[in-house]
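Q: Handing you a structure now.
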Amino acid sequence: MADITHPPMEQLQDLEYCIDSNPPWAETILLAFQNYILMLGTNVMIPSLIVPAMGGDNGDKARVIQTLLFVAGLNTLLQALFGTRLPAVVGGSFAYVIPIAYIVGDSSLQRISDSHERFLHTMRAIQGALIVASSIQIILGYSQVWGLLSRFFSPLGMAPVVGLVGLGLFQRGFPVLGECVEIGLPMLILIIGLSQYLKHVRPFRDLPIFERFPVLICVTIVWIYSVILTASGAYRNKPMKTQISCRTDRANLITTAPWFKFPYPLQWGPPTFSAGHSFAMMAAVLVSMVESTGAYKAASRLAIATPPPAYVLSRGIGWQGIGVLLNGLFGTSTGATVAVENVGLLGLTRVGSRRVVQISAGFMIFFSTLGKFGAVFASIPIPIFAAIYCVLFGLVASVGLSFLQFTNMNSMRNLMITGLSLFLGLSIPQFFNEYWNPARRGLVHTNAEWFNAFLNTIFSSPVTVALVVAVFLDNTLEVEKSKKDRGMPWWVKFRTFRGDNRNEEFYTLPFNLNRFFPPT
């Protein structure tokens, strides 16, 4: 026992820039551009999956991607300025896919014979559902109800939740990489090699270029390699699925994207409202709230900040609700959540600066209005991003498990709660996902389609299932007896804004706004 020299530590080691410290300007701009490149993967993938099902063509897809990137920039900036103030990118969310598939499959929309008209009417229905559903998140956030619920959290309960923020996305890692293994596998090997084995190599003065910019360097190298493979005809006689995954000229974004287009609210027409659509979408809003809560906890740890207190967490959820409202008004085809890959990038680059993320929001807005330029970057093959996700999702998962250091893991109670939460958090969604497809609509299959979409969305989320299991068990099994074992003596001071004097440094609103919105 005397040889154990690694006691629990509130803050991670080896991180060079925290939330309120900034790298030099040139380095900051490159880091911000790297964040922009990374968030393209998910925000291109979602419209590419949804828009064709809605009846949209390649031009519609390019315009939806532009709109999604534009709103993601706005939401990221609002969150970094007035929300949690953590260096977290807010982009599109896969949690909304099941409710959107339910709306797309609505019989009244499917009866529209003209594809473009069907796309417009479906988009308006999705907009209406997002606008109504956003009210749930806005109310839970600004009323401080979500903050009150977070008082039931503990390090033991949060470890599996934050862990599954990363682990729960495993299907978007190697399975997607394997769709084009000849570019995905080199990307995975290259990013691990540069960021870990060559991180101390400094060809330019004292700048650890391989550790600081691994995504930019690796994406550039492998992207050029994939262009060479495409131009040489390596995929000429391959199946269409392989060509879509591997070729750099199959995205059809550059030719269809306009040179300049400024997204604006209600650009697809007036939203339409349906009670069933709205109820189904509320499930996705709840799921994205839970996932974002876990991502905020991970981001605070990787930015060397204190865990966001209840007041700050509620404030962030409220602003994220505003973000979902903006998604509905602009018509992005999906809602908003924290981008887990960008949270992982904080740890990979060892830079948790808020300014970097704020400038990256500027890149999102700028390139979304210059359609052709943005489309060039958005045409990067998805398996390249999947290789990066293998590293970054795993890193976020390990950050979640690091919360266990504040608990007693020699306790059978704690071992049971942690193991059961992790296992059911992976097993139940896997069971539901095996039964889900757009035609059958999932395991829950009653005559009420909105009810099916609601339950299938909730139980398809690993983080949501883990939260329900972990928090319930942690607050019902030998609660008083296990306070120290749960890590509550360390955790309790972060429940309130005044509980730790560092909270003011990390989470105080800018422009002296705390005078009008005093923290509690």
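The values are calculated or read from the model by the stated rules, or taken from the named source; none is laboratory data. It should be emphasised that the depicted structure is a prediction, and the values quoted were computed from it without experimental measurement. Don't worry about glycine lacking a Cβ; one is built from the backbone with ideal geometry, like all the others, and counts go over all protein chains shown. Protein only, heavy atoms only, side chains kept; ligands, DNA and RNA dropped before computing areas. Shrake-Rupley method; radii C 1.70, N 1.55, O 1.52, S 1.80 Å.
Q: Report the local net charge at V312: Lys and Arg +1, Asp and Glu -1, summed over other residues whose C-beta lies under 13 Å from its C-beta. Write out the running numbers ahead of the final one.
A: On the way: positive: R85, K297, R315, R495, R498, R502; negative: D500, E504, E505.
Combined, the nearby Lys, Arg, Asp and Glu give +3.
Q: Across the Cα atoms of the chain, what radius of gyration and what greatest pairwise Cα-Cα distance (Dmax) are found, in Å?
A: Looking at the chain, its Cα Rg and Dmax stand at 22.3, 75 Å.
Q: For the cross-link pairs K61/K241; K61/K297; K199/K493; K199/K241, which exceed 27 Å when the distance is taken from alpha carbon to alpha carbon?
A: Where the Cα-Cα span goes over 27 Å, the pairs concerned are K61/K297; K199/K493; K199/K241.
Q: Moving on. Which of S278, F363, L207 sits closest to the plus end of the dipole of the chain, meaning its Cα is farthest towards the positive end, when Lys and Arg get +1 and Asp and Glu get -1 on the C-beta?
A: The one lying farthest along the dipole's positive direction is F363.
Q: Given the protein chains as shown and a 1.4 Å probe, how many square angstrom of K241 are accessible, to the nearest 10?
A: Accessible area, nearest 10 Å²: 140 Å².
Q: What size of dipole, in debye to the nearest 20, comes out for the chain about its Cα centre when the only charges are +1 on Lys and Arg C-beta atoms and -1 on Asp and Glu C-beta atoms?
A: Result for the chain is approximately 320 debye, rounded to the nearest 20.
Q: Using a 1.4 angstrom probe and counting only protein chains, how large is the accessible area of E291 in Å², to 10?
A: Taking all protein chains as shown, E291 has close to 50 Å².
Q: Which of T242, I228, I217 sits farthest toward the positive end of the charge dipole of region 209-251, with +1 on the Cβ of Lys and Arg and -1 on the Cβ of Asp and Glu?
A: T242
Q: Can you sort H277, H200, H121, H445 by 1.4 Å-probe accessible area, starting with the largest?
A: H200, H445, H121, H277
Q: How much net charge surrounds E478 when only the other residues with a Cβ under 15 Å from the Cβ of E478 are counted, with Lys and Arg +1 and Asp and Glu -1?
A: The answer is +2.
Q: Might you list the cysteines of the chain that have no disulfide-compatible partner by the rule of another cysteine's Cβ under 4.7 Å?
A: By the Cβ distance rule, which asks for a partner under 4.7 Å, the isolated cysteines are C18, C218, C390.
Q: Right, something else. Ignoring ligands and nucleic acids, what accessible area does F363 show with a 1.4 Å probe (Å², nearest 10)?
A: Its accessible surface works out to 40 Å², give or take rounding.
Q: Suppose all protein chains stay in the model; what accessible area per residue would a 1.4 Å probe give for the chain, in Å²?
A: 40 Å²
Q: For the chain, what % of the accessible area comes from carbon and sulfur atoms, probe 1.4 Å?
A: 66 percent
Q: If we count every other residue with Cβ under 15 angstrom of L78's Cβ, Lys/Arg +1 and Asp/Glu -1, where does the sum land?
A: +3
Q: Given the options Y311, A339, G193, identify the residue whose Cα lies farthest towards the positive end of the charge dipole of the chain (+1 on Cβ of Lys, Arg; -1 on Cβ of Asp, Glu).
A: Y311
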